[in-house]
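Below is one structure; the comments refer to it alone.
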Amino acid sequence: QVQLVESGGGLVQAGGSLRLSCSASGSIFSLPDMAWYRQAAGGQRDLVASITVGGITNYADSVKGRFAITRDSAKNTIYLQMNSLKPEDTAVYYCNTKWGTYSWGQGTQVTVSS
């Protein structure tokens, strides 16, 4: 079983930056294609960014040009660099495989004030 732990969230003013981390541990040799998701209060969980094993990235239109997903395969860790944050980016952020196949972690709260 794989455990995912997200960290790095916090309160930031609009225009600011945050870097999220997601560490995977447990019965895992290497991470497959991975993704960051977010869920705003009362909303559904949406995919924000994904990265393949080979490093190919894809982004939701709402974050394109502002967010960057990277991975450190040696550390089984995924990152999300978030720049030019907007109040609408406020949500709990989660990582998982591109298909959401692992058990979900607790997420990390990102709050962007206007």
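So the values come out like this:
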item	result
FRET E, pair Ser103, Ala14, Förster distance 35 Å, beta-carbon r, rounded to 0.05	0.60
Sparsely packed chymotrypsin sites (Phe, Trp or Tyr not before Pro) within the range 1-78, loop by DSSP, other Cβ within 10 Å at most 13	Phe29
Among Ala74, Gly10, Val63 the positive-end extreme of the charge dipole of the range 8-114 (Cβ point charges)	Ala74
Cα gyration tensor shape for the range 35-96, rounded if a/c is under 1.5, else prolate or oblate	prolate
With eigenvalues of the C-alpha gyration tensor scaled by 5 and rooted, the chain, Å	23, 14, 12
Computed magnitude of the charge dipole of the chain (debye, nearest 20; Cβ of K, R +1, Cβ of D, E -1)	100 debye
Candidate aspartates and glutamates - alpha carbon under 16 Å from Lys75, same-chain residues fewer than 8 apart omitted	Glu6, Asp33
Accessible area expressed per residue, the chain, with surrounding protein chains retained (probe 1.4 Å, Å²)	51 Å²
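The values are calculated or read from the model by the stated rules, or taken from the named source; none is laboratory data. What you see is a predicted model, and the numbers here were worked out from it, not measured in a lab. So basically every Cβ, Gly included, is an ideal-geometry build from the backbone, and we count neighbours across all protein chains shown. Areas reflect the complete protein model, heavy atoms only, side chains present, ligands, DNA and RNA absent. Shrake-Rupley method; radii C 1.70, N 1.55, O 1.52, S 1.80 Å.
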